[in-house]
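The values are calculated or read from the model by the stated rules, or taken from the named source; none is laboratory data. Since we're looking at a predicted model, the values are computed, not measured. We place every Cβ from the backbone using ideal geometry, glycine too, and count neighbours over all the protein chains shown. Protein only, heavy atoms only, side chains kept; ligands, DNA and RNA dropped before computing areas. Shrake-Rupley method; radii C 1.70, N 1.55, O 1.52, S 1.80 Å.
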Amino acid sequence: MTVIAVANQKGGVGKTTTAINLGTALAATDKRVLIIDLDPQGNASTGLGIHRADRKKSSYDVLIGECSVVDAVIGTVVPGLDIVPATVDLSGAEIELVDYEERTHRLDHALDAASDRWDVVLIDCPPSLGLLTINAMVAADSLLVPLQCEFFALEGLSQLLSTVERIRTRFNPGLAILGVALTMYDRRNRLTDQVSADVRAVLGKVVFDTVIPRNVRLSEAPSHGVPALIYDYRCSGSEAYMALARELIGRLPPAAPAIAA
Ligand SMILES: Nc1ncnc2c1ncn2[C@@H]1O[C@H](COP(=O)(O)OP(=O)(O)O)[C@@H](O)[C@H]1O
Ligand SMILES: [Mg+2]
């Protein structure tokens, strides 16, 4: 099982859109995928059609030790894609967890108990570098950073990277940066071209070749409670997330061979 935190403390850069559609694309390639919605806004849960009334157990319950990951899982319309939904309770978790033992390792321990059920776990992080995102980074093998193609794209990245460095030193030495994904790329806008060239010049090979275009289908799909890949699998956004999934699989460590009986 490989655990990937989709993180960037900026809001609106495409974390949730990436978690939903990359998760769907990975499931389409026969991976068993789990999304953990770790944002109190619960956009990943809503975007996957999980109504609030159906969120009996949530990522909050998992973090406070009220239930296991497996108990909190709900299936989605996508075969092979499950989710641990988020509820508004999660907005208090940053403060509540301070009093808990091993407050930075709550999610890590919960996932340890669930390994083998899924091939890939994507954690949809909130737009902050607080305790929720730290739990995600401690639990994760690697980080996927969506970066919006806009003028201030790189601003804030140094803060993110210094948090990663702190997590490596103190808790999770193996935490890798799996890749940076450029999102909301607009062909007709020269600025986004310039931004993507600058980002590649600064960050180099860590940036995925695949670029996610600005595509209205990607923003419409959540209101229908389905991933864009189901809403319109031929739109440019869906195709881009399929390409990103292929590129990402190429970067994952090979799965351990099954032990011969
Ligand atoms: N590639 C894209 N093209 C068009 N709209 C997008 C794209 N990616 C995200 N959006 C829209 O932009 C907004 C912010 O995206 P979201 O994934 O929720 O960001 P985050 O989770 O980082 O806050 C949402 O309304 C989403 O539908
Ligand atoms: Mg989000």
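Residues of region 63-97 that are open to solvent by less than 10 Å² (accessible area, probe 1.4 Å) and either in contact with a His (Cβ under 7 Å, 6 or more places away or on another chain) or under 26 Å from Leu129 (Cα atoms) (or both): Leu63, Val69, Ala72, Ile83, Val84, Pro85, Ala86, Leu90, Ala93, Leu97. For region 25-51, a residue qualifies if it is under 13 Å from Gly225 (Cα atoms), among the polar types (S, T, N, Q) and more than 9 Å from ligand 2 (Cβ to nearest atom), and the qualifying residues are Ser45, Thr46.
Meeting the requirement of 3 or more residues that are in contact (Cβ under 8 Å) with a residue 24 or more places away in the chain and under 17 Å from Gln9 (Cβ atoms), the helices (runs of 4 or more DSSP H) wholly within region 148-226 are 157-170. Considering every residue within region 121-130, establish whether at least one is more than 30 Å from Lys205 (Cα to Cα) and within 16 Å of ligand 1 (Cβ to nearest atom). Looking through region 121-130, none of the residues is more than 30 Å from Lys205 (Cα to Cα) and within 16 Å of ligand 1 (Cβ to nearest atom).
Scanning region 195-224 for residues that are within 21 Å of the chain's Cα centre (by Cα) and among the acidic types (Asp, Glu), which turns out nearest to Val77 (Cα to Cα)? Out of the qualifying residues, it is Glu220. Counting only residues that are touching a residue at least 24 places away in the same chain (Cβ under 8 Å), part of a helix (DSSP H, G or I) and open to solvent by 30 Å² or more (accessible area, probe 1.4 Å), region 22-53 holds 4 of them.
Condition check for Leu218 on (1) within 13 Å of Pro146 (Cα to Cα); (2) within 16 Å of ligand 2 (Cβ to nearest atom): one failure, at (1). Answer yes or no as to whether Lys56 is open to solvent by 40 Å² or more (accessible area, probe 1.4 Å), more than 15 Å from ligand 1 (Cβ to nearest atom), over 28 Å from Leu154 (Cα atoms) and in contact with a strand residue (DSSP E or B) (Cβ under 8 Å, 6 or more places away or on another chain). Here the answer is no, as Lys56 does not meet what is asked. Met242 falls short on exactly one of the conditions (1) among the aliphatic types (A, V, I, L, M); (2) assigned to a helix (DSSP H, G or I); (3) touching an Asp or Glu at 6+ places or on another chain (Cβ under 9 Å), and that condition is (3). The single condition from (1) touching a residue at least 60 places away in the same chain (Cβ under 8 Å); (2) open to solvent by less than 50 Å² (accessible area, probe 1.4 Å); (3) not in a strand (DSSP E or B) that Arg117 fails is (2).
Okay, residues lined up against (1) touching a helix residue (DSSP H, G or I) at 6+ places or on another chain (Cβ under 9 Å); (2) away from ligand 2 (no atom under 16 Å from the Cβ); (3) of a type outside the set (A, V, I, L, M, F, W, C):
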position: Pro126; (1), (2), (3): yes, no, yes
position: Ile134; (1), (2), (3): yes, yes, no
position: Ala153; (1), (2), (3): yes, yes, no
position: Ser158; (1), (2), (3): no, yes, yes
position: Leu175; (1), (2), (3): yes, yes, no
position: Arg187; (1), (2), (3): yes, yes, yes
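Looking only at residues of region 14-30 that are of a type in the set (S, T, N, Q) and within 14 Å of ligand 1 (Cβ to nearest atom), we find that the one that is farthest from Val180 (Cα to Cα) is Thr24. Condition check for Pro146 on (1) under 14 Å from the mean Cα position of the chain (by Cα); (2) away from ligand 1 (no atom under 16 Å from the Cβ); (3) crowded, with 19+ Cβ neighbours inside 10 Å: one failure, at (2).
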